[in-house]
Amino acid sequence: MRLSLGLTALLATAAPAMAEGWLSPEAFQARVAGKATIVTDAFGDSFGTEHFLPDRRVIWQYTADKSCLFGSWTPRRGAVCYSYDGGLENCLRYRPDGSGLTGVEWNDGVTGETYSLKIIDAPPPNCPGS
């Protein structure tokens, strides 16, 4: 009986996450490794491209001025957390969306902005320092 109640409680807490279709960080990595994502905001405006390199390294390139940020990502509590040179950090959770992904900011369990990501094959950008 105690095992049954524990299992019921576990399934009840896991069901919302599974129902929402969040990708695990490992499943996210399998989709983007060696690729790039064009990131657009809720209004459909592209504001950057994230390039996914080996060893979970990333290069973010802004659309407007083509400037770049270098960083890496790590899994943290089911989210993908980016850390860039200069101390900028941000965590997101991702779910499949057609041929791309939807990313939702997920910092300390608080949701924020939602982004659309189109996965593409593209070489890393030619940025100073790359």
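Extension gain for LYS118 to ASP85 (0.36 nm times residue separation, less C-alpha to C-alpha distance): 9.4 nm.
Residues of the range 86-127 falling in the label zone of SER24, defined by backbone nitrogen less than 15 Å from a point 7 Å along Cα to beta-carbon, are 94.
Compared with the alpha-carbon gap, the fully stretched path from ASP55 to CYS127 is longer by 24.0 nm at 0.36 nm per residue.
With the simple spin-label model, which puts each label point 7 Å out from Cα in the Cβ direction, the PHE43 to SER99 separation comes to 2.7 nm.
Taken together, the values in this text are just the output of simple stated rules run on the coordinates, not laboratory data. Since the model is a prediction, treat every value here as computed from it, not as a measurement. A quick note on method: Cβ atoms are made from the backbone with ideal geometry, for glycine too, and the neighbour counts reach across all protein chains shown.
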